[in-house]
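**Student:** This is the structure, below, for whatever I ask next.
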Amino acid sequence: MPKSYVRREMEGVLKDALKQFPALILTGPRQSGKTTLLKHLLARGYRYVSLDHPGTRAMAVNEPDLFFQNYPPPVIIDEIQYAPGIFPHIKIMIDQARHKRGQFVLTGSQIFPLMAKVSESLAGRTAVFTLLPFSLREQIRPLKPLGLESLKAKILSGGFPDAALDRKTNLNLWFSGYLQTYLERDVRQLRQIGDMGDFQRFLQLLAVQNGQALNLSNLSRDLGLAVNTIKAWISVLEASGQVFLLKPFYLNKGKRIIKSPKLYFLDTGLLCYLTGITSTDQVFKGPLSGQLFETLVLGETIKYFHNRGRIPLIYWWRTSYGEEVDFVIENQGRIIPVEVKTSANSNANMAKGLFSFCKLFGDKINRAYLVNLARERIMIGQKVEALPFNEFLNMEKTIKQ
């Protein structure tokens, strides 16, 4: 474990929410730092209780009145998905003291089931945030350019605090243990999975196909499992913050729902582990190097929005002629197309998809970006700029344009 606290970008927006809402919910994958953040932010005045403890959980489930006698607000309740029955009790307590703010701070690592309970009991009474593992912006303060070797090391370790911040961590052992814990706890709770070996093979196959359009039929055939089983398992990964489904971009938003998404893992370290990448020498070599760099760019973008309490609106785009753009970001009525290349060179030939996209949607675009490993930013065409990854990290300028 890292010895000193590392500030999270989300702190400011959480403080603002505590002044406005009776309750706050912080979701995100296991080990992303939710508890550490809240204990630091709310060190004074808040009790803390974790429902990971079997006895405490049993009290919350079977005797909620007694539970709240022991842990009255203001209180942090960790892993609240283990006792969903206490949500109505929280609602009653909030309604009895509607003038009080920031009374309940709840965390959970299973996003969709948790949000279903929130919609039933706490609609309009709570602010909801998602904390993902560390972004590079959080790890590198003050923000400064990363050399290629340092960048590869960051990709290999990913953003989970224990893996990212402690150089002595054996990454292979850490991710192996993380998966075992994750499989046993979250997966079994969300879905009745008989053969965990099948689920592990599914994870590895999904990792190899990271960044590709999701083809459920092919996955079903390769794994020898029903399509509905594959769908259910992907929903488990999405619900627990392990993967992101990137929907295709259409001006007709109805089409975004029915067309196949691309699937990306949200942590590059976990992706490296699942695909057998164990050293920095392997990161930008081989057929998966492009997908790894895309995953990093996408993950940093998603974290930028979540850390400001905003839902990331990110898509991918491809025409029937094969023209493609990796990411299309919607922000305040504008769209920002982004193409990602692992090259250290910049030229217009690498940005054909961006030029095609700009021709179609130019009136909604201020700037399109080719994000790469070059050292200097240059214009390579009208509205199209080659942007080094190190400068892309300064997202205030990139996203806001």
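**Student:** Looking at this structure, is F104 hydrophobic (A, V, I, L, M, F, W, C), in contact with a His (Cβ under 8 Å, 6 or more places away or on another chain), touching a residue at least 40 places away in the same chain (Cβ under 8 Å) and within 27 Å of P73 (Cβ to Cβ)?
**Tutor:** No, not satisfied.
**Student:** Can you tell me which residue in the stretch 55-114 is least open to solvent (accessible area, probe 1.4 Å), limited to those that are of a type in the set (D, E) and in a helix (DSSP H, G or I)?
**Tutor:** D95
**Student:** Would a scan of the stretch 13-34 turn up a residue that is in a loop (DSSP other than H, G, I, E, B), open to solvent by less than 40 Å² (accessible area, probe 1.4 Å) and of a type in the set (D, E, K, R)?
**Tutor:** Yes, there is a match, as at least one residue in the stretch 13-34 is in a loop (DSSP other than H, G, I, E, B), open to solvent by less than 40 Å² (accessible area, probe 1.4 Å) and of a type in the set (D, E, K, R).
**Student:** Are any residues in the stretch 1-12 small (G, A, S) and either open to solvent by 50 Å² or more (accessible area, probe 1.4 Å) or in contact (Cβ under 8 Å) with a residue 24 or more places away in the chain (or both), and if so, which ones?
**Tutor:** Of everything in the stretch 1-12, just one residue is small (G, A, S) and either open to solvent by 50 Å² or more (accessible area, probe 1.4 Å) or in contact (Cβ under 8 Å) with a residue 24 or more places away in the chain (or both), namely S4.
**Student:** Let me ask you something else. Just checking, which of L373, L354 is closer than 20 Å to L296 by Cα and open to solvent by less than 20 Å² (accessible area, probe 1.4 Å)?
**Tutor:** Matching residue, one of L373, L354: L354.
**Student:** Just checking: which of the strands (runs of 3 or more DSSP E) contained wholly in the stretch 285-401 hold 3 or more residues that are more than 27 Å from the chain's Cα centre (by Cα)?
**Tutor:** Hits in the stretch 285-401: 378-381.
**Student:** A follow-up question, please. K303 fails exactly one of the following numbered conditions: (1) open to solvent by less than 10 Å² (accessible area, probe 1.4 Å); (2) modelled with pLDDT of 90 or more. What is the number of that condition?
**Tutor:** (1)
**Student:** Yes or no: the stretch 174-189 includes at least one residue that is on the phi > 0 side of the Ramachandran plot and either modelled with pLDDT under 95 or open to solvent by less than 70 Å² (accessible area, probe 1.4 Å) (or both).
**Tutor:** For the stretch 174-189, residues on the phi > 0 side of the Ramachandran plot and either modelled with pLDDT under 95 or open to solvent by less than 70 Å² (accessible area, probe 1.4 Å) (or both): absent.
**Student:** Out of all the residues in the stretch 323-351, which are of a type outside the set (A, V, I, L, M, F, W, C), open to solvent by 20 Å² or more (accessible area, probe 1.4 Å) and either touching a Ser or Thr at 6+ places or on another chain (Cβ under 9 Å) or closer than 18 Å to L251 by Cα (or both)?
**Tutor:** E323, E324, E330, Q332, G333, R334, T342
**Student:** Tell me which residues, restricted to the stretch 35-48, are within 17 Å of Q103 (Cα to Cα), open to solvent by 20 Å² or more (accessible area, probe 1.4 Å) and not in a loop (DSSP other than H, G, I, E, B).
**Tutor:** Passing the criteria: T35, K39, H40, L41, R47, Y48.
**Student:** Name every residue in the stretch 141-167 that is modelled with pLDDT of 90 or more and either in contact with a His (Cβ under 6 Å, 6 or more places away or on another chain) or open to solvent by 80 Å² or more (accessible area, probe 1.4 Å) (or both), in order of residue number.
**Tutor:** Listed by number, the residues that qualify are L148, E149.
**Student:** Check every one of the helices (runs of 4 or more DSSP H) wholly within the stretch 201-274 and list those with 1 or more residues that are open to solvent by 40 Å² or more (accessible area, probe 1.4 Å) and of a type in the set (S, T, Y).
**Tutor:** Ranges flagged: 216-223, 227-239, 268-274.
**Student:** Okay, next question. Quick check on the stretch 132-182: of everything there that is part of a helix (DSSP H, G or I) and polar (S, T, N, Q), which residue is nearest to E300 (Cα to Cα)?
**Tutor:** Among those residues, the one meeting the criterion is Q139.
**Student:** A follow-up question, please. Just to be sure before I move on: is K397 open to solvent by 70 Å² or more (accessible area, probe 1.4 Å) and out of contact with any Lys or Arg (no Cβ under 9 Å at 6 or more places or on another chain) in the structure I sent?
**Tutor:** Against the criterion (open to solvent by 70 Å² or more (accessible area, probe 1.4 Å) and out of contact with any Lys or Arg (no Cβ under 9 Å at 6 or more places or on another chain)), K397 qualifies.
The values are calculated or read from the model by the stated rules, or taken from the named source; none is laboratory data. Note that the coordinates shown come from a computational prediction; the quantities given were computed from them, not determined experimentally. Ideal geometry is used to build each Cβ from the backbone, glycine not excepted, and the neighbour counts take in all protein chains shown. Calculation scope for accessible area: heavy atoms of the full protein, side chains included, ligands and nucleic acids excluded. Shrake-Rupley method; radii C 1.70, N 1.55, O 1.52, S 1.80 Å.
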